[in-house]
Amino acid sequence: MHPAIPHLVDLQQLDQRIAALRAEFDGLPKRFREADAKLTGAKSAVAAAKEAHTHAQTQRKKLELDVEQWKERAKKYREQSSSVKTNEAYKALQHEIANAEREAAKLEDLVLEQMMASEEVEHRVKHAEADLKEADTAIGAEKKQIEVQYNEKKKLLETATAERSLLAAKVPEDLLELYSRISRKHPGAVMAEVRDNQCRGCGMRVLPHVVQVLRTETNEEVFRCETCGCILYTLEPIPHAAPAADAAAAPANGTTHSE
Ligand SMILES: [Zn+2]
C-alpha cells in the first residue's frame, strides 16, 4: 500500500464530515427565514381579524343610521297625518308609517346580528393576538437556537478545514491532485477498500495480483478500480510477517514438496 493511503482514507472521512457540516450550515439561513415566515403568518392573522372587526363596526354604524332615518321618516309621517284633509291621504300616510316602522324593525334586527358578529370578531382578534404572542416567543427562541447552531457549526467547520489542511500537507501533491479530481466527480467516494478481492466501492472483482501488491507494505504504486475509478486500499493484514515465517519453513517444505 502506498504510504499516503492512510492519510487519504482519513482525508475522505474528514471530507465527508465537512460536507455534512456544510450541508447543515448552509441549511440554517433557510430555517431562519422559515421561522420568520411563520411569524409573518401570525401577524397577518391579527391584521385580518382587526380589519374584519373594523368592517363589522362600520357596518353596524351604517345600519344604526339607517334605523334612525326610517324612524325619523315614520315620525314625520305621523306629524303630517294630524293635518291631512282627506281620508285617502290619511290612509296613504298610515301605509307609509307602517312601511317605515317595518323597515326600521328589520334593520334593528340586522344591527343586533351585526353586534353578535362583532363580538365574535372581537374574540377572533383576541385569539389571533394571543397566538401571535405565543408564536413570537417560540420563534424568538427558535431563532436564537439557530443562531447558536450557526456559530457552533461555523467553528466546527473552521476547525475541520484547518485539520484538513494539515492532513492534506502529508499527501504528495500528485496524489492529492488525483484525489481532488475524483472527489469533484464523486464527492465523498474517492477511496474504496478491497475486501475479499472485491472493490467495496462498486462490488466488482479486483485482480488478485493488484490485491497482492496492495498488501505489500513497500508498494508505492497507486491502483484505481477499473470499474468505478476509486483509489483502492486494503485493511486486510499485510502478510509480511507470515511470508517471513513461511520463508523460514520454506526449505523444509520446499524439499518435501519438490517435484
Ligand atoms: Zn470499484
Multiply the residue gap between Leu157 and Leu65 by 0.36 nm, knock off their C-alpha separation, and tell me the result in nm, one decimal place. 26.2 nm
Could you work out the relative contact order of region 1-125? I mean the mean sequence separation of Cα pairs under 8 Å and 6+ apart, divided by the number of residues, in percent. 33
Only Cα pairs within less than 10 Å get springs; with that Gaussian network setup on the chain, which residue of Arg102, Arg195, Arg33 has the largest fluctuation? Arg102
Farthest toward positive dipole pole in the chain [+1 Lys/Arg, -1 Asp/Glu at C-beta], among Ala37, Leu112, Ala100: Ala100
Given Cβ point charges of +1 (Lys, Arg) and -1 (Asp, Glu) and nothing else, what value in debye, to the nearest 20, does the dipole of the chain about its Cα centre take? 1020
Apply the Kirkwood formula to the chain: the hydrodynamic radius equals the inverse of the mean of 1/r over all pairs of different alpha-carbon atoms; give it in Å with one decimal. 27.4
The extension gain from Ala117 to Lys76, computed as 0.36 nm times the residue separation minus the Cα-Cα distance, is 11.5 nm
So if we plug the beta-carbon distance of Arg205 and Ala169 into 1/(1 + (r/R0)^6) with R0 = 45 Å, what FRET efficiency do we get, rounded to 0.05? 0.80
What is the distance in Å between the Cα centres of region 1-73 and region 76-91? 67
How would Val67, Val194 line up from fewest to most surrounding beta-carbon atoms within 10 angstrom? Val67, Val194
Using a cut-off of 15 Å between beta-carbons, work out the net charge of the residues near Leu232 (Lys and Arg +1, Asp and Glu -1, Leu232 not included). -1
How about Lys133: which lysines have a C-alpha closer than 22 Å to its C-alpha, ignoring those fewer than 8 places off in the same chain? Lys38, Lys43, Lys50, Lys143, Lys144
Please give me the summed charge of the neighbours of Ala56: other residues whose Cβ is under 14 Å from its Cβ, Lys and Arg +1, Asp and Glu -1. -1
Would you calculate a helix-derived [θ] at 222 nm for the chain, using -39,500 (n - 2.57) for each DSSP H run of n ≥ 4 and dividing by the full residue count, to the nearest 500? -28000 deg cm²/dmol
If the chain between Asp26 and Glu177 were fully extended at 0.36 nm per residue, the gain over the current Cα-Cα distance would be 51.7 nm
Total formal charge among the other residues, if their Cβ is under 9 angstrom from that of Phe25, Lys/Arg +1 and Asp/Glu -1: +1
Near-label residues of region 208-232 by backbone N, under 17 Å of a point 7 Å along Cα→Cβ of Lys185: 222-232
Put in order of increasing Cβ neighbours within 10 Å, starting from the fewest, Arg184, Arg73 give Arg184, Arg73
For Lys85, counting only lysines whose alpha-carbon sits under 25 Å away and dropping same-chain residues fewer than eight positions off, the answer is Lys71, Lys75, Lys76
Counting alpha carbon pairs within less than 8 Å and at least 6 residues apart, what relative contact order, in whole percent, applies to the chain? 29
Given the candidates Val171, Val190, Phe25, the one whose Cα lies deepest towards the positive end of the charge dipole of the chain, counting +1 at each Lys or Arg C-beta and -1 at each Asp or Glu C-beta, is Phe25
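No value in this document is a laboratory result; all are computed from the given coordinates. What you are looking at is a predicted structure, and each value in this text was computed from that prediction instead of being measured. Don't worry about glycine lacking a Cβ; one is built from the backbone with ideal geometry, like all the others, and counts go over all protein chains shown.
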